[in-house]
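Read the structure below first, then the notes.
The values are calculated or read from the model by the stated rules, or taken from the named source; none is laboratory data. Please read all numbers here as calculations on a predicted model, not as lab measurements. Here Cβ is always computed from backbone atoms with ideal geometry, including for glycine, and neighbour counts include all displayed protein chains.
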């Protein structure tokens, strides 16, 4: 059944890789279903640049704006919560100006629907301006408001509360919060929470799985590169490929014969993921889901002070994705390999429902 084309505006948090690739996946699903993406607004910060793959894959004009973000320590490894709050409060005049820009864009583009991929300034905008256009929010983080989600026993009250408040901020006045999950859970309609499968890129389904003899590493924060180098010095016989957005790496940096650092590149990353023996990352949702699809064992190392990643790592380990640690002790991953027995078909069947489920939730707004 064909539908009348509807104009949709995307708003995306530019932190990390996950929200960006999710936006690309949703774009492709919607374009095939006859919708139009009229624009993309991306919240950025001064410490990260928007990856080239996003410009290449998005088929709509991109507008960047400064949005609330976290402050890292001097080594760019851990999240500092109180300094983050103070930093963002000082930038409130900038954020107010950017909300006016968003309002002008919505008036200019006249979208029928806004889909927000976890950008907090967009939630602030809908809270302050209450525009007539409908809002749907998509992110894994909305699962943290689900009563059946199991937070780790050791989850600090203030950090957990801050995560829930921040997540609520991104979805002010949302008609639906589509919570991406590694496994099915019932919807919580009274809270507008609807659980859907992960938004894996189309290329994931088309990439053949092979069995290479190296470990692939993805670092959200470039400060972890020193930790990887120190481990590598102890175990130089293990081949490592490491993706990072560390400054000074234009394409790749071959540290020696068995350690190579790569600048973030979605196609290269996917090829190396499908071929690796095992994978390690900073407990981001998107990368772990890709590893689950490929059946690759994972060592998850949450960013220090990042309660979201701390919870992701424990949740993913319960699903059989792999193990977690406070540091990139990759020898633990090598020791774990013989005991990794997760059946990827279970996850693949769940992931295959993403497209029809997403279209159903959008068409239900009509």
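Computed quantities for the displayed model
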quantity: Some residue of the stretch 266-273 being assigned by TED's automatic domain parsing to the domain that holds residue 304, without any contact (Cβ under 8 Å) to a residue 40 or more places away in the chain and not in a loop (DSSP other than H, G, I, E, B); calculated: yes
quantity: Top-ranked residue of the stretch 101-121 - restricted to ones that are in a helix (DSSP H, G or I) and either out of contact with any helix residue (DSSP H, G or I) (no Cβ under 7 Å at 6 or more places or on another chain) or not assigned by TED's automatic domain parsing to the domain that holds residue 18 (or both), ranked as surrounded by the most Cβ atoms within 10 Å (Cβ to Cβ); calculated: 106
quantity: Qualifying position, being farther than 17 Å from residue 299 by Cα and not assigned by TED's automatic domain parsing to the domain that holds residue 302, among 252, 189; calculated: 189
quantity: Selected residue (only one of 169, 220, 216 is touching a helix residue (DSSP H, G or I) at 6+ places or on another chain (Cβ under 6 Å), under 30 Å from residue 342 (Cβ atoms) and touching a residue at least 24 places away in the same chain (Cβ under 8 Å)); calculated: 216
quantity: Checklist (1) in a helix (DSSP H, G or I); (2) under 25 Å from residue 237 (Cα atoms) applied to residue 356, failing item; calculated: (2)
quantity: Wholly enclosed strands (runs of 3 or more DSSP E) of the stretch 128-232 bearing at least 1 residues at pLDDT below 95 and within 20 Å of residue 311 (Cα to Cα); calculated: 215-218
quantity: Unmet requirement for residue 85, which otherwise passes all of (1) in contact with a strand residue (DSSP E or B) (Cβ under 7 Å, 6 or more places away or on another chain); (2) at pLDDT below 95; (3) closer than 30 Å to residue 316 by Cα; calculated: (1)
